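Any read-out appearing in this document is the output of simple, stated calculations on the displayed coordinates, not a laboratory observation. This structure is a prediction, so every number in the text was calculated from the model and none was measured. Cβ coordinates were reconstructed from backbone atoms using ideal geometry, including for glycine residues, and neighbour counts include every protein chain displayed.
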Amino acid sequence: MFEALWSVKGEATTAERIMRRADLDSAKPSDMFKIKAKDKGKPEPAAQHAAYGALVITQQRAGWYSMPCAAGALA
């Protein structure tokens, strides 16, 4: 998921495009980082969820997602 967001170099893009690039079957990127009931209290899912929240900017009404830290990155 993060690799797909990184590949668009910080530009806002649609959830559909991100999910297609990541080869994942979900409606939106945030679905991949939801903490399931069985994983509550486990550090890894919580860290992944926190990383998504810190790195990804969403414009939910417009359906845009971006990762500004990837802008200007040498890929």
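So, Ile35, is that one of a type in the set (A, V, I, L, M, F, W, C) and outside any helix (DSSP H, G or I) or not?
Numbers: of a type in the set (A, V, I, L, M, F, W, C): yes; outside any helix (DSSP H, G or I): yes.
So Ile35 fits the description; yes.
For segment 38-65, the set of residues classified as of a type in the set (D, E, K, R) and in a loop (DSSP other than H, G, I, E, B) consists of Lys40, Lys42, Arg61, listed by residue number. Restrict the check to segment 42-52 and report whether at least one residue is of a type in the set (Ser, Thr, Tyr), touching a strand residue (DSSP E or B) at 6+ places or on another chain (Cβ under 9 Å), buried (at least 16 other Cβ atoms within 10 Å of the Cβ) and without any contact (Cβ under 8 Å) to a residue 60 or more places away in the chain. No.
Considering the conditions (1) surrounded by fewer than 12 Cβ atoms within 10 Å (Cβ to Cβ); (2) polar (S, T, N, Q); (3) under 11 Å from the mean Cα position of the chain (by Cα), Gln59 is excluded by exactly one of them, (3). Collect the residues in segment 5-41 that are without any contact (Cβ under 8 Å) to a residue 24 or more places away in the chain and small (Gly, Ala, Ser), keeping them in residue-number order. Scanning segment 5-41 gives Ala22, Ser26, Ala27, Ala37, Gly41.
Hey, does segment 2-22 have a residue that's hydrophobic (A, V, I, L, M, F, W, C), touching a Ser or Thr at 6+ places or on another chain (Cβ under 7 Å) and either exposed (fewer than 11 other Cβ atoms within 10 Å of the Cβ) or in a helix (DSSP H, G or I) (or both)? It would help to see each step written out before you state the result.
Pass one, segment 2-22, residues hydrophobic (A, V, I, L, M, F, W, C): 2, 4-6, 8, 12, 15, 18-19, 22.
In the following step, the residues that additionally are touching a Ser or Thr at 6+ places or on another chain (Cβ under 7 Å) were identified as 12, 19.
Within this subset, residues satisfying the condition of being either exposed (fewer than 11 other Cβ atoms within 10 Å of the Cβ) or in a helix (DSSP H, G or I) (or both) are 19.
Looking for residues that are hydrophobic (A, V, I, L, M, F, W, C), touching a Ser or Thr at 6+ places or on another chain (Cβ under 7 Å) and either exposed (fewer than 11 other Cβ atoms within 10 Å of the Cβ) or in a helix (DSSP H, G or I) (or both), one finds at least one in segment 2-22, hence yes.
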